[in-house]
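Can you read through this structure? Questions will come right after.
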Amino acid sequence: MLLALGAACSLPAAARQMTAADYAQAVRFLARNTDPLVDHDVQRVTWIDATHFWYRDHDASGDRFLVMDAANGKVSPAFDEAKLAGALGKASGKPVDARAWPSSFDFKVVRDGKLDVTLGMTTYRCDLAGVGSCADLAKFLKTGSEPGALSPDGKSLAFTRDWNLWVRDVATGKETQLTTDGVKDYGYATQNAGWVHGAGAIVRWSPDSKKIATYRQDQREVGEMVTVDTRVGHPRLDVWKYPLPGDGHVFMIEPVVVDVATKQLVRLKMVPQQRLSTLCDQLACDQAKPYQWSDAKWAPDSKTLALVSTSRDRQRETFDVADATTGVVRSAFEFAYKPYYESGHGRVNWQYLPDTHEAIWPSEQNDWNNLYLYDLETGKPLRPITTGDGNVTEVLHVDRVTRTLWFVGVGRTPGVNPYYRQFWKVNIDSGKTTLLTPENADHTITMSPDGKTFVDSYSTPITPPVTVLRAASDGHVIATIARADIGRLQAAGWVPPVPFTVKARDGKTTLYGMMFKPTSFDASKKYPIIDYIYPGPQTGSVRGRSFLAARGDNQALAELGFIVVAIDGMGTPWRSAGFHHTWYGDMGDNTLPDQVAGIKELAQRYPWIDVSRVGIWGHSGGGNATADALFRYPDFFKVGWAESGNHDNRNYENDWGEKFQGLLVTHQDGSTNYDNQANQLLAKNLKGHLMLVHGEIDDNVPVGNTYLVVDALMKANRDFDMLIVPHARHSYGPDSDYVMRRRWDYFVKYLAGDTPPRGFEIPKS
């Protein structure tokens with residue numbers, strides 16, 4: 001009798017009618033509702049100069065903007081918030097709450113008490129002297145408003161207009177055209193990588209602010225991508241250059257240097273190069289400086305610059321040194337690496353040391369991303385700078401006088417979670433390495449421009465951040481900036497996610513993940529499980545290891561009666577090179593063998609997980625992986641929600657697939673090396689419920705990727721669901737809440753077997 005009773009308790013709960021109150025409970029755990037309940041969460045700061053930075057502090061009474069003096073740790077208000085809010089309200093015609101500034105708010109000090117304030121999509125020039133006033137910067141300067149790259153001295157902004165390079169004087173708004181021969185699809189500083197395109201200028205200013213290194217991009221013969229935006233009457237057509245794997249013509253760049261004062265243009269004496277980066281699939285890869293040419297770096301004296309060129313297959317790098325006056329280019333060395341080369345994680349890490357004719361070169365040759373010193377005269381490696389296990393992810397500062405380098409690293413300390421970022425300094429000559437952030441936590445670092453101090457915000461997924469100012473010499477704490485308080489968050493019912501480890505497909509490799517359980521969790525019940533997936537290879541599913549009050553809608557979904565998990569499978573970054581490259585050339589893998597193995601292990605560990613009811617969802621690469629999961633493992637994954645998936649990388653921009661899948665090869669029988677990643681070729685295997693979602697005018701992953709799968713499903717006579725979001729690009733903008741609510745409904749109905757409330761509307765705030 002007792003055995004029978006125990007078995008009955010493990011059965012799934014009877015189907016139920018979900019109510020609006022159930023969904024309202026889920027809404028409580030979205031970021032818009034949880035983030036404001038975290039007090040004194042200062043994870044990022046903005047340096048004003050070498051010794052001052054500003055930051056936003058927040059508590060129950062609202063927001064404050066403060067400035068800290070790094071020399072003595074003293075804090076003062078950044079500005080009069082009430083006066084600025086009043087001035088911005090008058091300028092914008094909309095009231096601004098001085099205690100609740102939007103997340104888009106940003107400012108920089110111009111001079112004499114004047115601020116340039118960004119609010120929404122508009123930048124205002126504000127003068128807080130007297131009663132205080134603000135004016136739209138574009139109208140105030142009476143010039144164009146194209147985005148661009150600011151010079152080191154802060155006086156000039158480089159931008160593009162009509163396929164040519166211009167500069168704008170920041171103080172007066174005066175504009176000067178620097179090139180005149182740019183024409184359509186053959187222009188200067190073009191920001192077009194296919195999947196990302198816009199008006200920004202990709203440049204590298206010289207340290208003395210007198211020259212600009214950039215390129216002329218030739219995309220005249222490159223194939224085009226098209227989106228059609230539905231509306232009453234004729235639809236809106238958008239056409240731009242977008243190469244695909246195997247295309248004979250791709251983006252090519254011709255490097256140049258422009259003297260700003262004389263407008264003299266020097267064409268560097270080198271053959272046109274692929275428009276690629278040593279880090280990502282576009283030229284502007286530095287997260288901190290979005291318009292900066294990442295693989296061009298100037299000498300401190302502004303006389304020469306180094307450039308690194310990447311081959312189309314990503315397996316060969318060429319390090320060149322160019323004379324900025326004559327255009328003469330000397331090849332210093334070449335570096336070959338398979339299956340593909342990367343110079344860092346989040347930042348291009350190679351460094352140019354012209355005074356000593358050296359370069360610092362990142363390499364995974366020992367299975368980890370370490371730094372090596374190269375002789376630019378001989379082209380030979382001199383010695384390792386960093387050694388051993390663990391990756392150098394970001395080089396933040398180099399002191400060429402003391403020969404000291406500061407870097408962010410992961411996996412370098414035994415016993416510490418291998419995803420936790422820590423901050424180190426290393427002597428370039430001796431290799432002596434010093435850990436500056438000893439706390440067993442994930443560290444977010446913002447270094448001062450002079451490299452003497454840094455702000456360190458450290459936390460874990462379950463412990464809130466402590467933010468301190470430290471000395472770069474030895475890491476000692478100069479001042480405590482803030483200690484986050486989650487008391488109000490906990491009082492609202494928040495519970496932390498549960499970090500866990502499982503074994504990978506090989507039964508040996510440890511994988512790290514995060515689990516979300518309902519706040520009303522009952523261990524005697526059986527819960528269906530939903531796998532949130534992003535397969536990489538450039539990032540993973542867990543979304544970082546710092547503290548976050550919400551990670552997407554994972555906890556919200558859990559509130560509806562699910563166990564939600566995220567697992568970083570093999571093939572995702574920040575571990576060893578061997579781990580990261582697990583499925584190179586077989587992108588259809590999508591970490592799915594690890595997802596299956598991990599979920600099965602969790603189900604064996606926890607009897608309250610119902611492994612007969614497994615759902616999966618993801619966006620972009622996660623949308624690809626979701627459909628792939630239902631096609632490759634149709635008896636395991638029962639319900640999938642696939643958003644904006646790149647379902648066949650032959651229909652996605654060329655350098656993504658060519659980096660991770662290899663160059664396209666067509667065999668004599670018509671098959672290709674890309675067939676193993678094409679979801680439409682597996683669509684006939686579908687058994688469960690699959691929703692395909694895509695934005696109508698997605699200019700990152702074109703909607704045709706989803707239509708390929710739709711076509712195959714129809715030909716195979718398979719039932720499926722589809723939602724096309726009108727006027728939406730890769731993200732869904734104002735329709736995001738509608739899509740999220742439909743996603744909740746889909747899992748509630750088809751995975752849990754319950755009935756969702758009809759037409760629930762997620763409140764905006």
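The values are calculated or read from the model by the stated rules, or taken from the named source; none is laboratory data. This is a predicted model, so every value here is computed, not measured. Cβ sites come from the backbone with ideal geometry, for glycine too, and all protein chains shown count toward neighbours.
Only one residue in Asn673, Asn651 is surrounded by 15 or more Cβ atoms within 10 Å (Cβ to Cβ) and more than 23 Å from the chain's Cα centre (by Cα). Which one?
Asn673
Out of (1) within 20 Å of Cys285 (Cα to Cα); (2) in contact (Cβ under 8 Å) with a residue 40 or more places away in the chain; (3) outside any loop (DSSP other than H, G, I, E, B), what's the single condition that is false for Leu157?
Among (1) within 20 Å of Cys285 (Cα to Cα); (2) in contact (Cβ under 8 Å) with a residue 40 or more places away in the chain; (3) outside any loop (DSSP other than H, G, I, E, B), the lone unmet condition for Leu157 is (2).
Matching residues to (1) within 29 Å of the chain's Cα centre (by Cα); (2) modelled with pLDDT of 95 or more; (3) assigned to a strand (DSSP E or B):
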residue: Ala21; (1), (2), (3): no, yes, no
residue: Asn33; (1), (2), (3): yes, yes, no
residue: Ile48; (1), (2), (3): yes, no, yes
residue: Phe53; (1), (2), (3): yes, yes, yes
residue: Asp57; (1), (2), (3): yes, yes, yes
residue: Ala91; (1), (2), (3): no, no, no
residue: Val96; (1), (2), (3): no, no, no
residue: Pro102; (1), (2), (3): yes, no, no
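For Gln17, only one of the following conditions fails: (1) more than 32 Å from the chain's Cα centre (by Cα); (2) closer than 30 Å to Asp745 by Cα; (3) of a type outside the set (A, V, I, L, M); (4) surrounded by 16 or more Cβ atoms within 10 Å (Cβ to Cβ). What is its number?
Condition (4) is where Gln17 drops out.
Here's another thing I want to ask about it. Any residue that is at pLDDT below 95, closer than 30 Å to Ser671 by Cα and surrounded by 14 or more Cβ atoms within 10 Å (Cβ to Cβ) - is there at least one of those in the stretch 186-193?
Within the stretch 186-193, one or more residues are at pLDDT below 95, closer than 30 Å to Ser671 by Cα and surrounded by 14 or more Cβ atoms within 10 Å (Cβ to Cβ).
Condition (residue is over 21 Å from Leu30 (Cα atoms), buried (at least 22 other Cβ atoms within 10 Å of the Cβ) and in contact with a helix residue (DSSP H, G or I) (Cβ under 8 Å, 6 or more places away or on another chain)) applied to the stretch 728-735: is it met by at least one residue?
yes
Among the listed residues Val466, Val502, which satisfies the condition of being within 30 Å of Thr434 (Cα to Cα), crowded, with 18+ Cβ neighbours inside 10 Å and modelled with pLDDT of 95 or more?
Exactly one residue qualifies, and that residue is Val466.
Oh, and also: Within the stretch 461-559, which strands (runs of 3 or more DSSP E) (wholly inside it) include 1 or more residues that are among the basic types (Lys, Arg) and over 30 Å from Gly62 (Cα atoms)?
498-503
Being of a type in the set (S, T, N, Q), at pLDDT below 90 and outside any strand (DSSP E or B) narrows it down to one residue among Ser209, Ser145; which is it?
Ser145
Ok, one more. Do we have Val42 as surrounded by 13 or more Cβ atoms within 10 Å (Cβ to Cβ) and part of a loop (DSSP other than H, G, I, E, B) here?
The answer is yes for Val42.
How about the stretch 447-460: which of its residues are of a type outside the set (A, V, I, L, M, F, W, C) and surrounded by 20 or more Cβ atoms within 10 Å (Cβ to Cβ)?
Ser448, Thr453, Asp456, Ser457, Tyr458, Ser459
Output the residues belonging to the stretch 277-303 that are crowded, with 22+ Cβ neighbours inside 10 Å, hydrophobic (A, V, I, L, M, F, W, C) and modelled with pLDDT of 95 or more.
Residues satisfying the conditions are Ala296, Trp298.
Does the stretch 350-363 contain at least one residue that is farther than 20 Å from Leu376 by Cα, crowded, with 22+ Cβ neighbours inside 10 Å, modelled with pLDDT of 95 or more and not assigned by TED's automatic domain parsing to the domain that holds Ala158?
Among the residues of the stretch 350-363, not one is farther than 20 Å from Leu376 by Cα, crowded, with 22+ Cβ neighbours inside 10 Å, modelled with pLDDT of 95 or more and not assigned by TED's automatic domain parsing to the domain that holds Ala158, which makes the answer no.
Please find, among Leu283, Leu305, the residue that is closer than 15 Å to Arg216 by Cα and touching a strand residue (DSSP E or B) at 6+ places or on another chain (Cβ under 8 Å).
Leu283
If we keep just the residues of the stretch 743-765 that are surrounded by 15 or more Cβ atoms within 10 Å (Cβ to Cβ) and free of Cβ contacts under 8 Å to residues at least 40 places away in the same chain, which is nearest to the chain's Cα centre (by Cα)?
For the stretch 743-765, the residue satisfying everything is Asp745.
Kindly check whether there is at least one residue in the stretch 322-339 that is surrounded by 22 or more Cβ atoms within 10 Å (Cβ to Cβ), in a strand (DSSP E or B) and touching a residue at least 40 places away in the same chain (Cβ under 8 Å).
yes
Say whether the condition of being free of Cβ contacts under 8 Å to residues at least 24 places away in the same chain and out of contact with any strand residue (DSSP E or B) (no Cβ under 7 Å at 6 or more places or on another chain) is met by at least one residue in the stretch 378-399.
Within the stretch 378-399 (the criterion being free of Cβ contacts under 8 Å to residues at least 24 places away in the same chain and out of contact with any strand residue (DSSP E or B) (no Cβ under 7 Å at 6 or more places or on another chain)), the answer is yes, since at least one residue qualifies.
Ile563 fails exactly one of the following numbered conditions: (1) over 20 Å from Gly640 (Cα atoms); (2) crowded, with 24+ Cβ neighbours inside 10 Å. What is the number of that condition?
(1)
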